[in-house]
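The values are calculated or read from the model by the stated rules, or taken from the named source; none is laboratory data. Just so it is clear, the model here is predicted, and its values are computed rather than measured. Note that we place each Cβ from the backbone using ideal geometry, even for glycine, and neighbour counts take in every protein chain shown.
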Amino acid sequence: MNGAESLVQTLTDQGVDICFANPGTSEMHFLKALENPRMRSVLCLFEGVCTGAADGYYRMKDTPASTLLHLGPGLANGLANIHNAKRASSGMVNIVGEHSASHLKYDPPLTSDIEGLARPLSHWVRRVESPRAVAWDVAAAVSKASEYPAQIATLILPGDASWQDAGEPVAPPRTVAVAKTPDAARIDHIAKVLRSGEPTLVVLAGRSTRGRALELAGKLKAATGCRLATQFFSARIERGAGRVTLERIPYAVNAAVEYLKGFRHIITVETTEPIAFFSYPDKPSLLKSPGTSVHALAEVGEDGAAGLEMLVDALGATYTPAVLQQRSTSAPPTGALGPASIAQALAAALPEDCVLVDESLTTGRETMGLTVGAARHDLINNMGGSIGYGTPVATGAALACPDRRVFCMVGDGSAMYTIQSLWTQAREGLNITTIIFANNSYAILKAEYAHMGAGAPGERALAMIDIDRPRIDWLAMAKSMGVPAVAVETAEAFHKAMADSVHEAGPCLIEVRL
């Protein structure tokens, strides 16, 4: 067994059974090892699709995927979505090919400081020193990626370690991550805060926006009158009819300050206090009012569900029923397309248990508030802010949950970063509906231009924001990658296209012309 075969066998033994790959010459033995029937290999045409898909896979399965990247430049191409995955606490194991040790001394053209590239966005980086160390190093990488919160692990595999004899794999047993339980004294303090009756907002993140934690938060709200919210961006939220509804702290600084000003206390669960996404002239970074106190129920990395369970018990609210969201009965909208009608069409068309990946920026700002009464679904946001995450994350989510339809909402500017995802979706036959909001502009930047106090953009500034010369032909783009597509210009046409896509196998694209 060579090093590459040892690597793939150890990955699967440790529970990692999918690899998003963009291989090169130095990874040919790894490519051969992917013939292992226990490992699913998925070809992506750009490394940013590999890393984004691994992020989406983790968000839906809570287990890490692996990537195969070609040398330092391949890793560099994937870094933006590694950043987004790190901010979302998604675990992944990045396998980065490297020249053999004997060849590196000649400084070949693709030589680079792979460790230097990896460290800023990886929690753990290791270079394999010998083929017989491969299995142990891989197990360590998977263990790191499986921690809570999950980690980004990067393993550098030199060519000679890949093709030389590795013997039988020797690795430590698979480990199971256990989150820390919040301190009991902290729980008692927060129980007193809630008994005071002072206006309180509980802000949830991490795994506390789904499952048992979400139900417990609903009990807390029913028993104490506190309100429940998320940050503007969340890694994954379970929402819709029959679930506890979470409010969303606004993105714009003025709106967020206004939203938060009435609260005397903010209780955080697996997150920190609300902050502005950017720094703006003459606007605060911390969004709470000066007199508001912040209390951590569960720190990032702690078990939010356990903390909420302890708090509910301390308040005697164990048997208090949570207030659940009712199903919206509104008819699908008609007429012009706009943020509200788009959100209403989504609410009417989303099928039960679908996954909604949101990178719609300006067009989707009203989506969360107007889809709370939609059928039960999961919502995924971009935690890191580096655009081009939506279509790769949707790809990974669809592979993690093949029985669930995935909808990906993305602006036209963002979509162009990683549009190669469509090819992988077609090749794998993934049930993904990609919705492109085509306003032919980086519309978010027009708003940010004003928020930054720069006034109205002039001709040259607009030339750096508008993307209409030439206008992107989304239907042709989709067709070229094997994805059927349709363009819509009214709310009713958008709703119909959404609803129709639910009944079709494989991927499709809807261009929403704004």
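The condition (being surrounded by fewer than 21 Cβ atoms within 10 Å (Cβ to Cβ) and either within 19 Å of Val357 (Cα to Cα) or under 23 Å from the mean Cα position of the chain (by Cα) (or both)) is satisfied by just one residue among Ala252, Ala223, Ala235: Ala252.
Looking only at the range 439-464, which residues are of a type in the set (S, T, N, Q) and surrounded by 18 or more Cβ atoms within 10 Å (Cβ to Cβ)?
Initially, the range 439-464 is screened for residues of a type in the set (S, T, N, Q), giving 439-441.
Once the filter is applied, which keeps residues that are of a type in the set (S, T, N, Q) and surrounded by 18 or more Cβ atoms within 10 Å (Cβ to Cβ), the range 439-464 yields Asn439, Ser441.
For the range 145-175, the tally of residues that are in a helix (DSSP H, G or I) and more than 30 Å from His103 (Cα to Cα) stands at 1.
Only a single item in (1) assigned to a loop (DSSP other than H, G, I, E, B); (2) touching a residue at least 40 places away in the same chain (Cβ under 8 Å) is not met by Gly455, and it is number (2). Would you check if Ala177 is outside the structural domain of Thr224 (by TED's automatic domain parsing) and surrounded by fewer than 18 Cβ atoms within 10 Å (Cβ to Cβ)? Against the criterion (outside the structural domain of Thr224 (by TED's automatic domain parsing) and surrounded by fewer than 18 Cβ atoms within 10 Å (Cβ to Cβ)), Ala177 qualifies.
Go through the range 407-438 and count every residue that is among the acidic types (Asp, Glu) and surrounded by fewer than 24 Cβ atoms within 10 Å (Cβ to Cβ).
Kept after step one, since they are among the acidic types (Asp, Glu), are these residues of the range 407-438: 412, 428.
This time we only want the ones that are surrounded by fewer than 24 Cβ atoms within 10 Å (Cβ to Cβ), so: 428.
Count: 1.
Taking the range 113-131 as the range and being part of a helix (DSSP H, G or I) and out of contact with any Gly (no Cβ under 8 Å at 6 or more places or on another chain) as the test, the residues that pass are Glu115, Gly116, Ala118, Arg119, Pro120, Leu121. Against the list (1) over 18 Å from Leu201 (Cβ atoms); (2) surrounded by fewer than 20 Cβ atoms within 10 Å (Cβ to Cβ); (3) more than 21 Å from the chain's Cα centre (by Cα), the condition Phe278 fails is (3). A search for C-beta distances below 8 Å between a residue of the range 162-189 that is under 25 Å from Leu31 (Cα atoms) and any residue that is among the basic types (Lys, Arg) and surrounded by 15 or more Cβ atoms within 10 Å (Cβ to Cβ), counting only pairs 6+ apart in sequence or on different chains, returns Ala166/Arg132; Gly167/Arg132; Val170/Arg132.
Looking only at the range 219-261, residues that are touching a Pro at 6+ places or on another chain (Cβ under 9 Å), more than 11 Å from Val203 (Cβ to Cβ) and among the aliphatic types (A, V, I, L, M) come to 4 in all. Scanning the range 176-217 for residues that are charged (D, E, K, R), in a helix (DSSP H, G or I) and more than 20 Å from the chain's Cα centre (by Cα) gives Arg186, Asp188, Lys192, Arg195, Arg212, Glu215.
Return the pairs, sorted by first residue and then second, in which the second residue is at pLDDT below 95, the first residue lies in the range 210-238 and is farther than 20 Å from Ala88 by Cβ, the beta carbons are less than 7 Å apart, and the residues are 6+ apart or on different chains. Final answer for the pair search is Gly218/Val323; Lys221/Val323; Ala222/Val323.
Put simply, of Ile95, Ile18, Ile82 the only residue that is among the hydrophobic types (A, V, I, L, M, F, W, C) and surrounded by fewer than 24 Cβ atoms within 10 Å (Cβ to Cβ) is Ile18.
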